[in-house]
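Read through the structure below, which is laid out as structure tokens, and then see the notes.
The values are calculated or read from the model by the stated rules, or taken from the named source; none is laboratory data. In this text, all values refer to a predicted model and were calculated from it rather than measured experimentally. With ideal geometry, Cβ positions are generated from the backbone for all residues, glycine too; neighbour counts draw on all protein chains shown. Accessible surface is based on the protein model in full, side chains and every heavy atom, while ligands, DNA and RNA are left aside. Shrake-Rupley method; radii C 1.70, N 1.55, O 1.52, S 1.80 Å.
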Amino acid sequence: MSQIQWNHRTCCIIILAQLFVSGCSREKAVLKPWYRQDSESGIGEVRSTRFQLFKPDDKHQQFSGFRATPTLESVEQALLKAKELENSTGKAEVDNYRELAIVSDVALRSAIDEPSRQRLSEIHRIAVTRCLKITGADKSKDSNDLAEKLAEAGLGLKLSDPDWAGLTFTRLVPCSDYEIRNIEPIAKREGWGLPILADRIYEENEERPDREKFFAKDNRITSTARIRTLVDLNDSNLDWKTIPAELELHNPLDEVSVKTSSLMEMPLAADFTTPSLVQFSQSGLQAIEYEGLLIPNLVEVKSQIYINEPYRPGKIPVVFIHGLWSSPRTWTDMNNSLLNDPEIRANYQFFFALYPTGEPVLESARILREKIQELREVFDPGKSDPAWDQMVVVCHSMGGIVSRLLITNSDNVFENAVFTKPIDQIQISEETRENFRKRLHFKAVPEVRRTVFLAPVFRGSSFASRPIGRIGSFLIRSGDDVQKARPELIRNNGFRIIQPEFRRIGLTNGIDSLQPSHPILKAIDKTRPDPTKSFHIVLGDNQKLIPKLRGEITDGLVTYSSGHLDGAESELIVSANHYLNHDAPVIEEVRRILHLHIGSAIAPENIAIHDRITIKRN
């Protein structure tokens, strides 16, 4: 027995070592080292000013260029002087950059062409960045510390989006602090303001408002910051350096343009790639993937349907559900590409499921069923928002089985597959009986209207039955309550209460659930999705010679016969392996379906991509 335990630990160590090595090579967002150096150098020292409303006759020192209305030329001179002062003294005066942010706004009124406005926008970004860096607002410890640091620059903090009311932030980090790797496209919008990550870091046992329960512990929100004045700019006697101002945070997902303090309408700058990429890359999801497979009870307490951005009423929820040995980070590429589409940003909001993939699929489906219900109860308790009744689910691999259970009415199919008697006639405690009911009796989730299955494993994969699958199954330590109830069940009712196919001890975890001979898969195959739900299927064909000679279509793990399901609104076969959710043709198809869902049509952007896929429309 000790030898078996030692082998189990050894395998886990080997796997975790592989995790470490592979994780280092796949990082997609890293903090730029020169910004770390900047925070440690003398350049980060703050010399602040008391900010009150002064008139020129108060003898308060100004940049000489601002005795008259600021222009692009005088703003450029001020930027040069601020940099020269910073370089010569080794100290940065935050009030110089605060003034620069304000006058770059005022100068927009005299900008005669688009290049001039773009340059003023760039200077404003530089000024806002330096204000955050000099005060340390990008390194603050909590919301109070952030407010104090901004006050050093004479800035209050305002949230422009009413839906953000009540949110607090830990720190404000410029998106330019991060170097983005291995992802295309970079979803950005040029315009006014500084794209930032509005970070909210929660303490381990911190009590959260209900609407913040669906944020990760370290959550990065997509935002754009700008500095705006609070006075009438037509007053020619103002001292630009000391007039009241605030740092205003905007929601670029919903705000396309912004009116500046000088009353100029400008596009709102945005970076949609960096915040979500940092969220996926630096949230410890790699370790959770291994825990969720091998020690699923550790991840069950973290199981949730997460949202990276504050909830947006009226936007259709899209829930992404990962597969075996995976996590929300598998959606990094798809999330980024879809956010590059303005119409999708305007109509949808994205949620990301996390569940323990080492548990049986019926247990995983129960978890997500309850989490969707919890989401609705928090964000739409009166069920008055019609967007919630148009939910779209996008799922991959084993997540396809779980998602199929979300759009299926169980009737008595699963109860009959597991037991030889109805649950109500079995002698077990009421708690155990309820646990069985939650897993074996369910209705299709009413909110889900459309599902997109990517490489689904409806009828299993032979890999789960091969040695590699059996080794993986052996390593899993499932903590499912139903499995724990097995002794009670047999003690009170005898062994024959369990159907013959379930009497073997081994059929107890997520990998086992993927064996083609698994009785739960056979039971699922007897069901059909609710006819009121639309669904689409995308399958891969790896184009390997041996499967071709056999007349098979396979992505290397899942065959066409396993992933096909009658009744699909569309079915695509893509030249790809099993991990096709990262591939451009598949992302483009998901984008097409999301446009279809809101009644808009899109033309193919890349004909070469579409030439690579075979399309079967039903």
Qualifying residue in region 146-169 (condition: of a type in the set (Ser, Thr, Tyr), part of a loop (DSSP other than H, G, I, E, B) and open to solvent by less than 10 Å² (accessible area, probe 1.4 Å)): no
Identity of the residue in region 178-198, at pLDDT 95 or above and touching an Asp or Glu at 6+ places or on another chain (Cβ under 7 Å), that ends up farthest from ALA225 (Cα to Cα): LYS188
Hits in region 444-465 - residues which are of a type outside the set (Phe, Trp, Tyr), farther than 30 Å from ILE490 by Cβ and assigned to a loop (DSSP other than H, G, I, E, B): ALA444, VAL445, PRO446, GLU447, ALA455, PRO456, VAL457, SER461
Some residue of region 535-548 being open to solvent by 60 Å² or more (accessible area, probe 1.4 Å) and touching a residue at least 12 places away in the same chain (Cβ under 8 Å): yes
Yes/no for PHE442 being modelled with pLDDT under 95, open to solvent by less than 50 Å² (accessible area, probe 1.4 Å), out of contact with any His (no Cβ under 7 Å at 6 or more places or on another chain) and among the hydrophobic types (A, V, I, L, M, F, W, C): no
Unique residue being open to solvent by less than 20 Å² (accessible area, probe 1.4 Å), within 22 Å of PHE379 (Cα to Cα) and touching a residue at least 12 places away in the same chain (Cβ under 8 Å) when the list is ILE221, ILE227: ILE221
Residues located in region 127-143, provided they are crowded, with 18+ Cβ neighbours inside 10 Å and assigned to a helix (DSSP H, G or I): ALA127, VAL128, THR129, ARG130, CYS131, LEU132, LYS133, ILE134, THR135
Any hit, region 522-543, residues being under 19 Å from PRO356 (Cβ atoms) and either at pLDDT 90 or above or not hydroxyl-bearing (Ser, Thr, Tyr) (or both): no
Residue count, region 185-200 (criterion: touching a residue at least 40 places away in the same chain (Cβ under 8 Å) and surrounded by fewer than 24 Cβ atoms within 10 Å (Cβ to Cβ)): 7
Unique match (being closer than 21 Å to LEU514 by Cα, touching a strand residue (DSSP E or B) at 6+ places or on another chain (Cβ under 8 Å) and among the aliphatic types (A, V, I, L, M)) among VAL393, VAL448: VAL393
Residue within region 412-434 that is buried (at least 24 other Cβ atoms within 10 Å of the Cβ) and either in contact with a Cys (Cβ under 7 Å, 6 or more places away or on another chain) or not in a loop (DSSP other than H, G, I, E, B) (or both) present: no
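In region 316-368, which residue that is assigned to a loop (DSSP other than H, G, I, E, B), hydroxyl-bearing (Ser, Thr, Tyr) and open to solvent by less than 10 Å² (accessible area, probe 1.4 Å) is nearest to PRO252 (Cα to Cα)?
SER327
Rundown of residues vs (1) under 19 Å from ALA269 (Cβ atoms); (2) at pLDDT below 95, yes/no style:
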residue: LYS81; (1), (2): no, yes
residue: SER88; (1), (2): no, yes
residue: ALA92; (1), (2): no, yes
residue: GLU99; (1), (2): no, yes
residue: VAL106; (1), (2): yes, yes
residue: ILE112; (1), (2): no, yes
residue: PRO115; (1), (2): yes, no
residue: GLU122; (1), (2): yes, no
residue: ILE126; (1), (2): yes, no
Residues that are open to solvent by less than 30 Å² (accessible area, probe 1.4 Å) and small (Gly, Ala, Ser), drawn from region 230-249: ALA245
Qualifying residues in region 77-118 (those that are open to solvent by 60 Å² or more (accessible area, probe 1.4 Å), assigned to a helix (DSSP H, G or I) and in contact (Cβ under 8 Å) with a residue 40 or more places away in the chain) - the one farthest from TRP192 (Cα to Cα): ARG109
Close pairs (7 angstrom Cβ cut-off, 6 or more residues apart or separate chains): open to solvent by 10 Å² or more (accessible area, probe 1.4 Å) in region 275-298, among the acidic types (Asp, Glu) anywhere: SER281/GLU27; SER283/ASP218; LEU298/GLU291
Given (1) open to solvent by 10 Å² or more (accessible area, probe 1.4 Å); (2) under 23 Å from VAL558 (Cβ atoms); (3) among the aliphatic types (A, V, I, L, M), index of the condition LEU406 fails: (1)
